[in-house]
Structures are given as C-alpha cells and as structure tokens.
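Working notes, beginning with the structure itself.
Just so it is clear, none of the values below were taken in a lab; they were calculated from the coordinates. Computed from a predicted structure; not experimentally measured. Quick reminder, even Gly has a Cβ in these numbers, built from the backbone with ideal geometry, and neighbours come from all protein chains shown.
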C-alpha cells in the first residue's frame, strides 16, 4: 500500500534564536545548515526564501517524511563546529567525503559526484594545465575542500591564495580582477558561468569523490532515516531530475546520483555500515 505523506515544508532562516538554544530540532522538524550563496546549491531568492539543488533535495526529503524543515545560514568555515554544537541536525551544504572528515562526522552515501573546476573571466586566456596557473591568484571559499586542495599545491604550482567567507565573494574577486580564478565544485563553477557571460569554466580535475550529508557521530539513527529516503529518491529518478534542472542534463547511468549503495553510509571511510539492506520505497 502506498503511504501518503502530508507536505508541510517551510523555508525559514534561523540564526540567532537557534544559536542561543544550542539545541537541535524537535522530531517533527528538520533543522539543517547550509552556506547560503553557494550557487547553485543553496541561494537566497527575491521572495526571501531559499532555492537551489540542495534546497530542492531537503524539501523533497521533508515532504516524504511528512515534516517541516528549517535552513540555517552558516558560513562554511564554522559549519562543522555548529553541527557538533547541535545547532542543527545535519548539513545540506554539499560536503565532499574525506577520510579526515569521516573521523569526526557520520556521512550518508553520496548523492552527487564531485570534481574540482577553475572559473575565470570570459576574456582570460585558455588554461590547459595547472602549471599555467603559476604566479596567478586563486580565490576560494575559506575552509572548504577546494581551499585545502589548492593550499596543499601552492608550492608545487606557484599560485597565490585569497580566501573568502562566501564563495559568491570569491567569484566576485575574479570578476573585479582581484583574482585570476576561483576554484570550486564543477556544479558551482558551471552554474556561475551559465548565469554570468563575463565568466567561463576552465581546467577541471577529477577527484573520484562525492558530495554527501554529514551527521553527528552520535546520531546514526537520523543518518539512516535520511539515507533510506535518499535511496528512494535515487531509484525513482528524483536526483536525475534535479541534475537536469540545475546542471542542464540528466544524471549519467551508473553515477552516484542514481546508484544505491547496499550498506549505510559512505563506503571506504569511518562510520560505514556494510550490512546489506533493501530500499523500502512506497
């Protein structure tokens, strides 16, 4: 029998009051965090709410669970500390799974493949190798995986770094000429270039990694609940639809967006439960 859920998702930004309580949400509401402005994943819209790939994702998760949701705008540099302080239940900002992060948080299975991409002005010379970026200034969202990746390679390739609290500000640094290139996910860079004719994507680096959702180490129950919903969203084509809506093309067969892992969590890192299970989709 198909179960019908009541849809009561809301778009409310909570910052001060939630931080003062230091408590996560009640059982009938999901309080989630995102670095608002990281396009096209979570963006402010003119109506005062939020929009983007990850907004559509949490809205659908909440709809299927029959609960409300609330998005907390949190700069990336402090987003993991806020999770562990129980300011929110989990993070919907696209978060690359790494072994180091998995020692401090629980990840569910990935929902989007990740790559590194450079974004430059449209009138900039074409770049065909990382060596050509020597002596250039690279702007990045402070504290994210792209910051770490570029910082680790500063000596090797000879570029300089500028770090910003919001990726939108890092992109603006490229537009204004303060930086030569912004480094971010392929989705973020592609969206920015699509929206602004003064920008274009440049060289990309395949990481083999995925975006996932982090939970607190002591909250395996919430992770499993959310992951089981995400599995059904993969199987019924919801993520493929999202990919086409925000990235102008359907998800590729065999990609993370349509592939369900037999266990719970992100394979290959701490916290993965390899016990097989069958998706339970109504």
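Consider a paramagnetic label point 7 Å from the Cα of residue 149 along Cα→Cβ; state which residues of segment 68-89 have an amide N under 12 Å from it.
None, by backbone N distance to the label point.
Taking neighbour Cβ counts within 10 Å as the exposure measure, how do 41, 243 sort from fewest upward? If you can, show how the numbers build up before the last one.
Details: 41 27, 243 21.
Ordered by Cβ neighbours within 10 Å, fewest first: 243, 41.
Given the Cα-Cα distance of residue 203 and residue 103 and 0.36 nm per residue of separation, how much length would full extension add, in nm?
Difference between extended and current length: 32.9 nm.
Fewest first, what order do 56, 147 take by the number of other Cβ atoms within 10 Å?
56, 147
Along its principal axes, what span do the Cα atoms of segment 115-208 show, with the longest given first and each in whole Å?
If we take the Cα atoms of segment 115-208, the spans are 32, 29, 27 Å.
Using a 7 Å offset from Cα along Cα-Cβ at residue 252, what residues in segment 102-125 end up with backbone N under 14 Å from the label point?
Only 112-116 pass the distance filter.
Which whole-number percent is the relative contact order of segment 115-208 (Cα, under 8 Å, 6+ apart)? Working shown, then result.
Working: 175 pairs, mean separation 45.0, N = 94.
Over segment 115-208, the number comes to 48 percent.
How far, in nm, would the chain grow between residue 63 and residue 123 when pulled straight, counting 0.36 nm per residue and subtracting the alpha carbon separation? It would help to have the intermediate numbers written out before the result.
Details: separation 60, 0.36 × 60 = 21.60 nm, distance 4.40 nm.
Separation in residues times 0.36 nm, less the Cα-Cα distance, equals 17.2 nm.
Looking at segment 153-282, I'd like the Rg to Rh ratio, where Rg is from alpha-carbon atoms and Rh is Kirkwood's inverse mean 1/r.
1.04
Based on alpha-carbon atoms only, what is the radius of gyration of segment 50-191 relative to the globular estimate 2.2 N^0.38 Å? Don't jump to the answer; show the numbers that get you there.
Working: Rg = 16.7 Å, N = 142, 2.2 N^0.38 = 14.5 Å.
With N residues counted in segment 50-191, Rg over 2.2 N^0.38 Å equals 1.16.
Please arrange 204, 212 by how many other C-beta atoms lie within 10 Å of their C-beta, fewest to most.
With the fewest neighbours first, 204, 212 line up as 204, 212.
Return a whole-number percent for the relative contact order of the chain, with Cα pairs under 8 Å and 6 or more residues apart as the contact set.
23
Counting pairs of Cα atoms in segment 104-166, how many percent are more than 13 Å apart?
Across segment 104-166, Cα pairs with separations above 13 Å total 70 percent.
Expressed in nm to one decimal, what extension gain is obtained for the pair residue 131 and residue 172 from 0.36 nm per residue of sequence separation less their Cα-Cα distance?
Between residue 131 and residue 172, full extension yields 12.4 nm more.
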